[in-house]
Amino acid sequence: MSSAVAEIRQPTYKQIEKALDNLRSKKITVEQKIAACQEEEAEARRIELARDPSKDPYRRGGLAASKRDEREKAETRLEEIDLTLETLTAELNRAAATRSLDTIKTALARAEELQAARDECWREAASLIAQALEPWNRYAGLLAELDGLTSELKDSEALRLARTLDPALVGQYEQAAVPAEGARVPVDFGAMIEVVLELMLDPRREGHRTERQVLVTRNADASMRPHGEPEQTRTVVETSSRKYGPRLSELVPDKRGEDRRVDVSAAIGTRVATFGAGTPEQTGWQGA
């Protein structure tokens with residue numbers, strides 16, 4: 001018997017829901033019938049008592065007894081419907097839980113796929129950044145060599161004598177001895193990466209890249225301005241945040257606006273902070 005019951009195919013959530021809707025409609029019909037039977041029974045009882053108050057109004061074969069039997073059958077049917085509704089409601093809740101479990105299983109599988117994909121993003125990004133370690137090491141060695149060169153010549157007799165013979169040449173040397181990074185020379189690999197990111201993406205929109213703008217100045221009316229003065233003049237100016245040297249931005253590709261920003265909801269964590277919010281000491285900066 002138990003094996004036969006186990007082989008019964010379980011109804012679907014929609015089938016149970018449809019059965020419940022039909023049963024609720026039947027319940028309303030039965031309740032209406034019970035109310036009508038109660039009214040008819042009361043009226044029959046009044047008629048029987050009016051005919052003969054000394055007799056039982058519910059005597060066998062009487063109208064009141066017939067209406068009472070009809071009411072009691074309807075009430076029995078209502079009890080059966082209520083029991084069936086209770087059972088089907090439990091089955092519906094069980095089916096809903098099963099369906100929810102399937103939903104969670106699907107979400108779990110997708111979440112695991114997303115985690116694996118994010119892990120791959122980390123591996124790929126880390127691999128690309130690791131490739132920049134070799135240029136950084138070379139850069140650090142070149143900075144050390146430049147520091148040794150400038151330390152050797154600074155305030156030297158050779159520099160003083162050369163300035164008397166060819167001050168222009170000495171000026172070129174002094175300009176070349178100043179790093180293109182300006183006053184913010186990175187002291188470690190992380191600081192170099194941050195400089196590249198700031199110049200490449202400008203996440204805080206501080207205008208680090210050198211931009212050329214044309215300023216148009218309109219002069220006075222022809223009758224009021226000196227002879228030969230043009231109606232307007234154009235001046236080309238370079239603007240930047242001055243945080244980095246003017247040449248440095250030319251070495252880094254411009255990817256502003258191409259990076260996606262993440263605003264994670266409270267459902268999985270706090271919002272992601274904008275890059276580079278630390279103090280100079282926290283971010284590895286050293287002033288020149």
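Quick notes on this one:
- Given (1) touching a residue at least 40 places away in the same chain (Cβ under 8 Å); (2) touching a Phe, Trp or Tyr at 6+ places or on another chain (Cβ under 7 Å), number of the condition residue 68 does not satisfy: (1)
- Looking across the range 9-31, the residues that are part of a helix (DSSP H, G or I), among the basic types (Lys, Arg) and either over 22 Å from residue 73 (Cα atoms) or under 45 Å from the mean Cα position of the chain (by Cα) (or both) come down to 14, 18, 24.
- When residues of the range 173-183 are limited to those that are surrounded by 11 or more Cβ atoms within 10 Å (Cβ to Cβ) and of a type outside the set (Gly, Ala, Ser), the one modelled with the lowest pLDDT: 181
- Residues of the range 167-198 that are farther than 30 Å from residue 130 by Cβ, part of a loop (DSSP other than H, G, I, E, B) and not β-branched (Val, Ile, Thr): 177 alone.
The values are calculated or read from the model by the stated rules, or taken from the named source; none is laboratory data. Keep in mind that this is a model prediction, so the values were computed, not measured. Note that we place each Cβ from the backbone using ideal geometry, even for glycine, and neighbour counts take in every protein chain shown.
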